[in-house]
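Colleague: Take a look at the following structure, please.
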Amino acid sequence: MILRAPSDEDGEARGTELGLRKIIHVDMDAFFASVEQRDNPELKGKPVAVGGAGGRGVVAAASYEARKFGVRSAMPSVTAQRLCPDLIFVRPRFDAYKEASRQIRRVFEHYTPVIEPLSLDEAYLDVTDDRLGIGSATRIAELIRQEIRAKTRLTASAGVSYNKFLAKLASDQNKPDGLCVIRPGEGAQFVAGLPIRRFHGVGPKAEAKMQKLGIATGADLAAKDIAFLRAHFGSMADYLFRAARGIDLRPVAAHRLRKSVGGERTFSEDIGSGARLRETLENIIDIVWERIEAAGARGRTVTLKLKFTDFQIMTRATSQPDYVAGKAEFGRLARALLEAELPLRGPIRLMGLTLSGLEAADEPGGKPVDTAQLSLL
């Protein structure tokens, strides 16, 4: 389904004259799960969850067939299985997801160099001056979706508008495999009818607070002045004030710097002995360093993360004056952080390592950095 008024080209031209941008937000549909269903025909049409089954497993992604039962990402696997007894769990294959993401990125680059990836499966594109001279952001979005389907056998939803905030809202409007266009002058009206939970950054706690203040929709939010919003929402007030009016002046950041690269592992059983902790750390060092090399990243700070069985999190970090020279130094720093905390106060359920303090993406040798969980087991 496409929400589109006549003469999109006219509306987009008027927007450009007003100094507005032509922005597309592309969001792949149930990306991890869709890749699994594509690669294994036996999974097509069935409820699929990517992640570890049972115990402390977590759902990383769920197919639309699973979502009908209430299964969502970040949900404990035992909860997901209870909601959907026929749920099929599939171990994550990050290499396959990365390869599909690279194919999709090449499709984007065919139309514009101004691309801001948000994750493996979504990105903003600025097509105000598109490479092919097409002129219509709506037409470009249609072509991108067609090309992604042809080259990857996956579906994408897209939102087209004159700023990032509205484009992202639009991409979610007609999922899956949908397109929604919000033309210049239509933003405030579109936002007015949305439930407040659709606003990026408004989580369950903020939504509950707003409900108590009589704010349930974008229109309710727009009715509050900035003084009221600042009194109740502090630093978030200015964003809420602008968003309720469909205003967003942020450019698409083509060279957006990722802040870190690393990963973490959740264990099927708690571990507490020094020997097992050291063994686990060595495994994580190997995997994280592979990610660092694949990303071409250089950083100065190594951080160790431990989550105890009571869910308390402890982080310890060490920073160097120069970039970490190689795997040997990265491992040495990580081991020193762990040894300084042994013996631990109790068993842990999760361990992670991160390299941060990265060089800028546009410095010589710098490449965008992908941060992801190592394992969902």
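The values are calculated or read from the model by the stated rules, or taken from the named source; none is laboratory data. Nothing here was measured: the structure is a model prediction, and the numbers come from that model. Every residue, glycine as well, gets a Cβ built from its backbone with ideal geometry; the counts of neighbours run over all protein chains shown.
Colleague: Restrict the check to the range 255-278 and report whether at least one residue is within 30 Å of P184 (Cβ to Cβ), in contact with a strand residue (DSSP E or B) (Cβ under 6 Å, 6 or more places away or on another chain) and either at pLDDT below 90 or assigned to a strand (DSSP E or B) (or both).
Modeller: If we filter the range 255-278 for residues that are within 30 Å of P184 (Cβ to Cβ), which is where we start, we get 255-256.
Add one more test, that the residue is in contact with a strand residue (DSSP E or B) (Cβ under 6 Å, 6 or more places away or on another chain), and what stays is 256.
Filter once more, so that each one left must be either at pLDDT below 90 or assigned to a strand (DSSP E or B) (or both): 256.
Yes.
Colleague: Any residue in the range 137-156 that is surrounded by fewer than 24 Cβ atoms within 10 Å (Cβ to Cβ) and either under 18 Å from L249 (Cβ atoms) or modelled with pLDDT under 95 (or both)?
Modeller: Scanning the range 137-156, I find no residue that is surrounded by fewer than 24 Cβ atoms within 10 Å (Cβ to Cβ) and either under 18 Å from L249 (Cβ atoms) or modelled with pLDDT under 95 (or both), so the answer is no.
Rundown of residues vs (1) assigned to a loop (DSSP other than H, G, I, E, B); (2) of a type outside the set (F, W, Y), yes/no style:
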| position | (1), (2) |
| --- | --- |
| E42 | no, yes |
| G45 | yes, yes |
| A53 | yes, yes |
| A66 | no, yes |
| A80 | no, yes |
| F89 | no, no |
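Colleague: Scanning the range 298-349 for residues that are in contact with an Asp or Glu (Cβ under 8 Å, 6 or more places away or on another chain), under 15 Å from D270 (Cα atoms) and touching a residue at least 60 places away in the same chain (Cβ under 8 Å), which turns out surrounded by the fewest Cβ atoms within 10 Å (Cβ to Cβ)?
Modeller: Result: G346.
Colleague: Separate question: Which ones in the range 196-221 are under 27 Å from A123 (Cβ atoms) and at pLDDT 95 or above?
Modeller: The one that is under 27 Å from A123 (Cβ atoms) and at pLDDT 95 or above: G218.
Colleague: Which of the residues belonging to the range 109-141 are acidic (D, E), over 25 Å from H200 (Cα atoms) and not in a loop (DSSP other than H, G, I, E, B)?
Modeller: Result: E109, single match.
Colleague: State which residue is farthest from L166 (Cα to Cα) when the search covers only the range 193-233 and only residues that are surrounded by 13 or more Cβ atoms within 10 Å (Cβ to Cβ) and acidic (D, E).
Modeller: Restricting to residues being surrounded by 13 or more Cβ atoms within 10 Å (Cβ to Cβ) and acidic (D, E), the top hit is E207.
Colleague: Inspect the range 135-143 for any residue being out of contact with any strand residue (DSSP E or B) (no Cβ under 8 Å at 6 or more places or on another chain), hydrophobic (A, V, I, L, M, F, W, C) and in contact (Cβ under 8 Å) with a residue 12 or more places away in the chain and give the result as yes or no. Quick ask: steps written out before the conclusion?
Modeller: If we filter the range 135-143 for residues that are out of contact with any strand residue (DSSP E or B) (no Cβ under 8 Å at 6 or more places or on another chain), which is where we start, we get 135-136, 139, 143.
Filter again for hydrophobic (A, V, I, L, M, F, W, C), leaving 143.
Okay, now just the ones that are also in contact (Cβ under 8 Å) with a residue 12 or more places away in the chain, so 143.
Checked the range 135-143: at least one residue is out of contact with any strand residue (DSSP E or B) (no Cβ under 8 Å at 6 or more places or on another chain), hydrophobic (A, V, I, L, M, F, W, C) and in contact (Cβ under 8 Å) with a residue 12 or more places away in the chain.
Colleague: Oh, and also: Which pairs do you get when a residue that is touching a residue at least 24 places away in the same chain (Cβ under 8 Å), found in the range 40-61, comes within reach of a residue that is surrounded by fewer than 17 Cβ atoms within 10 Å (Cβ to Cβ) and β-branched (V, I, T), reach meaning Cβ atoms under 7 angstrom, with the pair 6+ apart or on two chains?
Modeller: G54/V78
Colleague: Now for a different question. Say we look at the range 142-176 and pick out the residues that are small (G, A, S) and not in a helix (DSSP H, G or I); which of these is nearest to E99 (Cα to Cα)? First the steps, then the outcome.
Modeller: At the first step, the residues of the range 142-176 found to be small (G, A, S) are 150, 156-159, 161, 167, 170-171.
Checking which are not in a helix (DSSP H, G or I) leaves us with 156-159, 161.
Values: A156: 16, S157: 19, A158: 21, G159: 24, S161: 28 Å.
For the range 142-176, the residue satisfying everything is A156.
Colleague: Continuing with this model, one more query. Give me the pairs, please: first residue somewhere in the range 233-250 and acidic (D, E), second residue anywhere and assigned to a helix (DSSP H, G or I) and buried (at least 19 other Cβ atoms within 10 Å of the Cβ), beta-carbon distance under 6 Å, and either six or more positions apart or on two chains.
Modeller: D248/K164; D248/F165
Colleague: Please identify the pairs in which a residue from the range 182-193 that is within 21 Å of A216 (Cβ to Cβ) has its Cβ atom under 7 Å from the Cβ atom of a residue that is of a type in the set (S, T, N, Q) and surrounded by fewer than 19 Cβ atoms within 10 Å (Cβ to Cβ), counting only partners at least 6 apart or on another chain.
Modeller: These pairs meet every condition: A192/T217; G193/T217.
Colleague: Report whether or not S73 is polar (S, T, N, Q), in a loop (DSSP other than H, G, I, E, B), out of contact with any Pro (no Cβ under 6 Å at 6 or more places or on another chain) and in the same structural domain as Q146 (by TED's automatic domain parsing).
Modeller: Numbers: polar (S, T, N, Q): yes; in a loop (DSSP other than H, G, I, E, B): yes; out of contact with any Pro (no Cβ under 6 Å at 6 or more places or on another chain): yes; in the same structural domain as Q146 (by TED's automatic domain parsing): yes.
Taking the combined requirement at face value, the residue satisfies it.
Colleague: Still on this model: Any residue at all in the range 280-297 that's surrounded by 14 or more Cβ atoms within 10 Å (Cβ to Cβ) and acidic (D, E)?
Modeller: No; the residues of the range 280-297 include none that is surrounded by 14 or more Cβ atoms within 10 Å (Cβ to Cβ) and acidic (D, E).
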